[in-house]
Amino acid sequence: MAALVVRSVRDLLKRADFAKVPRRHRHKKKWAATEPKFPATRLALQNFDMTYSMQFGELWPSIRVSLLSEQKYGALVNNFGAWDHVSAELEQLNARDFVNKAHARGEQEPESSQTAAPSPASWACSPNLRCFTFTRGDVSRFPPARLGSLGVMDYYLMDAASLLPVLALGLQPGDTVLDLCAAPGGKTLALLQTGCCRNLAANDLSTSRTGRLQKILYSYVPQDIRDRSRVRVTSWDGRKWGELEGDTYDRVLVDVPCTTDRHSLHEEENNIFQRSRKKERQILPMLQVQLLAAGLLATKPGGYVVYSTCSLSHLQNEYVVQGAIELLANQYSIEVRVEDLSHFRKLFMDTFSFFPSCQVGELVIPNLMANFGPMYFCKMCRLT
């Protein structure tokens, strides 16, 4: 009986005309579907293990475990609120204003030194910023920010290392300022906190990201400040800014899109290491060079630009700075000088861990005792 059933099935299979089966009902085995699907976070870690182990050598294991551990935050006090009361509350949490501490350290340094003092412009910090952090080794968390008595949020929680590019920019009262890649808005808010911006242009290509920026401005900045044309939010292609507003700004911040190393290790959403974004990741350095060149072109001769990323990659950091400087020299005959930030690094070495071997600029590396960053920043002066 069993043999009869088998023969009947074989006869049916022979007579079946599969060509007439509608395409939507056909099934073709897809070999790719059997391959293991790694999450983007794991692909990011594999990439970092391969590249950063060569770049950082014996430092990489320490940086690696820090990147995979909980990030440390700072509380940027909102000067548009009751900042003195908020500062007192943060001090009661045993947090300390690392910016004020650095200023005090700079004032205490002896005037006479064996080495020549750097020019004030090369290391002067943007004024009026107050950002509290917990001391090294203290993993306490700040409570969520709340609405203050003046109708704006009391403080903004951010990676404290993200404030360093703004501090390095060295804003002066009355400056015209461009934040070329402004969203999500933490650095834009910090620029406004200095009280130095006569006009601030905050741009980001993504309209959804500029929406997030607008929400931060509405939450932290009073309406009269926003309405006095002091803040202009746009969604233009930053690469074209040199053509749109060349030779215009005193200070320009170019905080470019990058591999956002810490985010890439912890979040699947919007992760640049997704397989579908491979080409986008590969052209990042080219995009970064174009954005930095546009920022330099938008700066007045004698003005300053700070380039920054939250990546450890020297391909996205030092190499981009050198590439943009060569581009301006060759195509526009514009000379750019990289500023020495070694004194600036000394001011903040109690709070952050710095990589000692950058070719140009400074790099904050994650460290379990001070788990900020990564944050690369380089200050340049446009000379001609």
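The values are calculated or read from the model by the stated rules, or taken from the named source; none is laboratory data. This is a predicted model, so every value here is computed, not measured. Glycine also receives a Cβ, built like all others from the backbone with ideal geometry; neighbour counts cover every protein chain displayed.
Being closer than 16 Å to CYS378 by Cβ and touching a Pro at 6+ places or on another chain (Cβ under 9 Å) is the filter; apply it to segment 281-302 and report the residue that is surrounded by the fewest Cβ atoms within 10 Å (Cβ to Cβ). Here the answer is LEU291. Among the residues making up segment 155-169, those that are among the aliphatic types (A, V, I, L, M), farther than 23 Å from ARG382 by Cα and out of contact with any helix residue (DSSP H, G or I) (no Cβ under 7 Å at 6 or more places or on another chain) are LEU157, ALA161.
To keep it simple, each residue is scored yes or no on (1) in contact with a helix residue (DSSP H, G or I) (Cβ under 8 Å, 6 or more places away or on another chain); (2) crowded, with 21+ Cβ neighbours inside 10 Å.
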residue: ARG209; (1), (2): no, no
residue: SER219; (1), (2): no, no
residue: ARG226; (1), (2): yes, no
residue: TRP236; (1), (2): yes, no
residue: GLU267; (1), (2): yes, no
residue: PHE273; (1), (2): yes, yes
residue: LYS279; (1), (2): no, no
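Can you pull out the residues in segment 70-105 that are modelled with pLDDT of 95 or more, charged (D, E, K, R) and out of contact with any Cys (no Cβ under 9 Å at 6 or more places or on another chain)? Across segment 70-105, the qualifying residues are GLU70, LYS72, ASP84, GLU89, GLU91, ARG96. Within segment 155-166, restricting attention to residues that are among the hydroxyl-bearing types (Ser, Thr, Tyr) and part of a strand (DSSP E or B), the residue that is farthest from LYS215 (Cα to Cα) is TYR155.
Could you check, for segment 259-279, whether at least one of its residues is within 20 Å of ALA329 (Cα to Cα), among the charged types (D, E, K, R), in contact (Cβ under 8 Å) with a residue 40 or more places away in the chain and not in a loop (DSSP other than H, G, I, E, B)? No, segment 259-279 has no match at all.
Could you say whether any residue in segment 133-154 is in contact with a helix residue (DSSP H, G or I) (Cβ under 9 Å, 6 or more places away or on another chain), at pLDDT 95 or above, closer than 19 Å to VAL364 by Cα and part of a strand (DSSP E or B)? Yes, segment 133-154 has at least one match.
Residue-by-condition table, conditions (1) under 19 Å from the mean Cα position of the chain (by Cα); (2) in a strand (DSSP E or B); (3) closer than 21 Å to CYS131 by Cβ:
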site	(1), (2), (3)
TYR319	yes, no, no
ILE325	no, no, no
ASP350	no, no, yes
CYS381	no, yes, no
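Within the option set ILE325, ILE365, being crowded, with 19+ Cβ neighbours inside 10 Å and over 19 Å from THR260 (Cα atoms) holds for one residue only, ILE325. Tell me yes or no: at least one residue of segment 322-342 is under 24 Å from TYR73 (Cα atoms), at pLDDT 95 or above and among the aromatic types (Phe, Trp, Tyr). The answer is no; no qualifying residue exists.
Would you check if there is a residue in segment 206-221 being closer than 20 Å to TYR156 by Cβ, among the β-branched types (Val, Ile, Thr), under 24 Å from the mean Cα position of the chain (by Cα) and assigned to a helix (DSSP H, G or I)? Within segment 206-221, one or more residues are closer than 20 Å to TYR156 by Cβ, among the β-branched types (Val, Ile, Thr), under 24 Å from the mean Cα position of the chain (by Cα) and assigned to a helix (DSSP H, G or I).
When every residue of segment 249-258 is checked against the conditions, at least one turns out to be charged (D, E, K, R) and crowded, with 24+ Cβ neighbours inside 10 Å. Annotation: of all residues in segment 127-141 being under 20 Å from PHE80 (Cα atoms) and out of contact with any Gly (no Cβ under 6 Å at 6 or more places or on another chain), the one that is surrounded by the most Cβ atoms within 10 Å (Cβ to Cβ) is PHE132. Residues in segment 335-359 that are of a type in the set (A, V, I, L, M) and surrounded by fewer than 19 Cβ atoms within 10 Å (Cβ to Cβ): 2 in all. Of all residues in segment 209-235, those that are closer than 19 Å to GLY81 by Cβ have Cβ atoms under 9 Å from Cβ atoms of residues that are surrounded by fewer than 13 Cβ atoms within 10 Å (Cβ to Cβ) and among the small types (Gly, Ala, Ser), 6 or more apart or on another chain, in PRO222/GLY151.
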